[in-house]
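To start, the structure under review is shown below, and the notes come after it.
The values are calculated or read from the model by the stated rules, or taken from the named source; none is laboratory data. Computed from a predicted model, the values in this text were never measured in an experiment. Backbone-built Cβ (ideal geometry, glycine too); neighbour counts: all protein chains shown.
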Amino acid sequence: MANVTVYTKNLCSFCSAAKQLLKSKNFPFDEVNMEGDQELMIKIMKQSGQRTVPQIFVGDVSVGGYRELTAAMASGEFAELVANT
């Protein structure tokens, strides 16, 4: 099973929603708060191709943000990615 990482910032409602969704579906995850860490934010933006938070990764694979996470969960892609990465 692959490691799920959620990159967040303070006071981010989509970050809170993504974490709650993962918890409700029993997907363990690590949270990395990027508040004030410009270098990490740039690295994650380059890796994901997105500039918003949250950024959700399964291993090194970018899932996207909250909306992409909900779509991937609804289709079953997220569970498959976690199981096979």
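Being closer than 15 Å to residue 12 by Cβ, of a type in the set (Val, Ile, Thr) and at pLDDT 95 or above holds for only one residue in 82, 53, and it is 53. Within the stretch 1-54, the set of residues being over 22 Å from residue 75 (Cβ atoms), touching a residue at least 12 places away in the same chain (Cβ under 8 Å), of a type in the set (D, E, K, R) and in a loop (DSSP other than H, G, I, E, B) comprises 9, 35.
Is it true that residue 81 is assigned to a helix (DSSP H, G or I), free of Cβ contacts under 8 Å to residues at least 60 places away in the same chain and surrounded by 14 or more Cβ atoms within 10 Å (Cβ to Cβ)? Spelling it out, it is not the case that residue 81 is assigned to a helix (DSSP H, G or I), free of Cβ contacts under 8 Å to residues at least 60 places away in the same chain and surrounded by 14 or more Cβ atoms within 10 Å (Cβ to Cβ). For the stretch 36-78, a tally of residues being of a type in the set (A, V, I, L, M), exposed (fewer than 14 other Cβ atoms within 10 Å of the Cβ) and touching a helix residue (DSSP H, G or I) at 6+ places or on another chain (Cβ under 7 Å) returns 1. Within the stretch 1-28, being more than 16 Å from residue 41 (Cα to Cα), surrounded by 11 or more Cβ atoms within 10 Å (Cβ to Cβ) and in contact with a strand residue (DSSP E or B) (Cβ under 8 Å, 6 or more places away or on another chain) holds for 2, 3, 4, 18, 19, 22, 27.
Only residues that are in contact with a strand residue (DSSP E or B) (Cβ under 6 Å, 6 or more places away or on another chain) and part of a helix (DSSP H, G or I) were counted across the stretch 61-71, and they come to 1.
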